[in-house]
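Shown next, in structure tokens, is the structure this report addresses.
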Amino acid sequence: MDKNIDPKQELLDKYKVYLHDTQNKDENYKWEAITHFQNTWEIDADDFEEMFKNAFKKQVNLFYQNSWGFIRMATKHFPEEVREMFRNLYNEDVDLKERIESFQVSSEKLLPLVKEATGKENINDAQDERTISVYLSFRYPEVYYIYKSSFYEDYCKLIGEHVKPAGEKYIHYISLANDLFNNYVLKDRELLETHKSLNPAIKWDDTHLIVQNIIYRMLALDVGNVIEKYLNQFSDIADAWFKENTLIEERFHFFNNFKKRENIENANWEYFQQLGGNINAFVTNALARSRALGNINDAKGSHNSPIENYRENFIDLIYGEDSIDIRIDRFITNVPFFKDSSVSELVGQFFPEEYVFFNKQDQQGIETLGIDIQVKRGDSFGKKFMNIMRQLNY
């Protein structure tokens, strides 16, 4: 880095160009979400569960799925306990670190009760620093910043700060963001006026959210460089890796043959059952495999014969004339026990030049790369899948 260049000022300069070019269209949902929360939140509401669900309903993707799932279940079954947790978290007379730790301890204590109430064992409380930062930023947007470990660490690297250990990162991030806020953002009238013109009706102080947006968006724009770095690193070992991991090539050849139209038109049930050993969602989940590909199910279609309907649905998925999102949704509706993950694998294998898988493992990989995928609540999986592919530039 050139010692004469101020990385923080350079960040602001680049952000103003970004703001001019995009009008912040990809991130404006955060302004809408906080405005909705400010107009909705009422800690003493008679129906705390309904109020809570409504207050956070526009957060889109700011929570991890597990974090949001737990707090929603806890609120449903133990609303008074969760109400008290938030009353304490939002008590500004108590030290922030103490409030965060208290909230996390209370969540841990609720976890076995939530498991018992829901009958679900495979859940965790997942109330991490990122999740709590959203709670705090929605309630006090003039004080707190939305946080994510990935862009906090990238920002530390940019300005030459040491990264703190887990449990200390958010408070450190606040101090770094406050520096950017006080010494740069507040002094940039052009930047503040531009943001005001984008959201003229808001009645809360959005300058802290502007700081978060600057750090996140400007470091996220470097994702392409990160991907290129990983690809270059992988290229050094690619030949050896593929030689050792032959499954990728084996499945490529399997699906290349499987999808041939003449093969599907004449397929019997045993032909379709081969998918059980070639779709990872079934290989790793015996129950899902048994339900989908054990005994033949009554697939929907235009025929009276189940096997004819399986042929029809696979041909439609691969060769249909409708857009791929419509074909995906139709396939999920018509073919029993083929769910989002397994169908995304099918599409990725049938069209490897066009689409990628999108299951939990892929989501973790995307987060590692710092790519923030946004999906709309209520969209079908077909629409979500194509939205994700567009955001990945497929």
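Key figures for this structure:
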read-out	value
Meets criteria (surrounded by fewer than 19 Cβ atoms within 10 Å (Cβ to Cβ) and closer than 29 Å to N387 by Cβ) for N28	yes
Qualifying residue in segment 45-56 (condition: in contact (Cβ under 8 Å) with a residue 40 or more places away in the chain, surrounded by fewer than 16 Cβ atoms within 10 Å (Cβ to Cβ), under 24 Å from the mean Cα position of the chain (by Cα) and not assigned by TED's automatic domain parsing to the domain that holds R377)	no
Out of S67, S106, sole residue that is more than 29 Å from Q361 (Cα to Cα), under 26 Å from the mean Cα position of the chain (by Cα) and not aliphatic (A, V, I, L, M)	S106
Test for S344: is it at pLDDT below 95, in a helix (DSSP H, G or I) and not charged (D, E, K, R)	yes
Criterion violated by Y155 - all others in (1) under 28 Å from K109 (Cα atoms); (2) surrounded by 15 or more Cβ atoms within 10 Å (Cβ to Cβ) satisfied	(1)
Single residue of segment 347-377 satisfying the filter (modelled with pLDDT of 75 or more and of a type in the set (A, V, I, L, M)) that is nearest to S149 (Cα to Cα)	V356
Long-range neighbours under 7 Å by Cβ, at least six apart or interchain, first residue within 21 Å of I214 (Cα to Cα) within segment 155-170, second part of a loop (DSSP other than H, G, I, E, B) and hydroxyl-bearing (S, T, Y)	Y170/Y147
Filtered residues of segment 317-342 (kept if acidic (D, E) and out of contact with any helix residue (DSSP H, G or I) (no Cβ under 6 Å at 6 or more places or on another chain))	E321, D322
Some residue of segment 176-193 being hydroxyl-bearing (S, T, Y), assigned to a helix (DSSP H, G or I) and either within 25 Å of N61 (Cβ to Cβ) or touching an Asp or Glu at 6+ places or on another chain (Cβ under 8 Å) (or both)	no
Checking G69 against (1) within 24 Å of R189 (Cα to Cα); (2) modelled with pLDDT under 90; (3) not hydrophobic (A, V, I, L, M, F, W, C), the condition it does not meet	(1)
Selected residue [in a loop (DSSP other than H, G, I, E, B), of a type outside the set (D, E) and within 26 Å of K76 (Cβ to Cβ)] from A126, A117, A166	A126
So Y216, is it surrounded by 14 or more Cβ atoms within 10 Å (Cβ to Cβ), part of a helix (DSSP H, G or I), assigned by TED's automatic domain parsing to the domain that holds I34 and touching a helix residue (DSSP H, G or I) at 6+ places or on another chain (Cβ under 8 Å)	yes
Any hit, segment 84-95, residues being in contact with an Asp or Glu (Cβ under 6 Å, 6 or more places away or on another chain) and surrounded by fewer than 20 Cβ atoms within 10 Å (Cβ to Cβ)	no
Index of the failed condition, Y144 passing every other in (1) part of a loop (DSSP other than H, G, I, E, B); (2) modelled with pLDDT under 95; (3) surrounded by 17 or more Cβ atoms within 10 Å (Cβ to Cβ)	(2)
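The rows are residues; the columns are (1) crowded, with 17+ Cβ neighbours inside 10 Å; (2) basic (K, R); (3) over 34 Å from the mean Cα position of the chain (by Cα).
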residue	(1), (2), (3)
F255	yes, no, no
E262	no, no, yes
L275	yes, no, no
A292	yes, no, no
N304	no, no, yes
F314	yes, no, no
L317	yes, no, no
D322	no, no, no
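Conditions (1) of a type in the set (V, I, T); (2) within 21 Å of F48 (Cα to Cα), marked per residue:
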site	(1), (2)
L89	no, yes
V94	yes, no
K97	no, no
E108	no, yes
L111	no, yes
D128	no, no
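The values are calculated or read from the model by the stated rules, or taken from the named source; none is laboratory data. Only a predicted model underlies this, so the values are computations on that prediction, with no experimental measurement involved. FYI the Cβ positions are ideal-geometry reconstructions off the backbone, even for glycines, and counts take in every protein chain you see.
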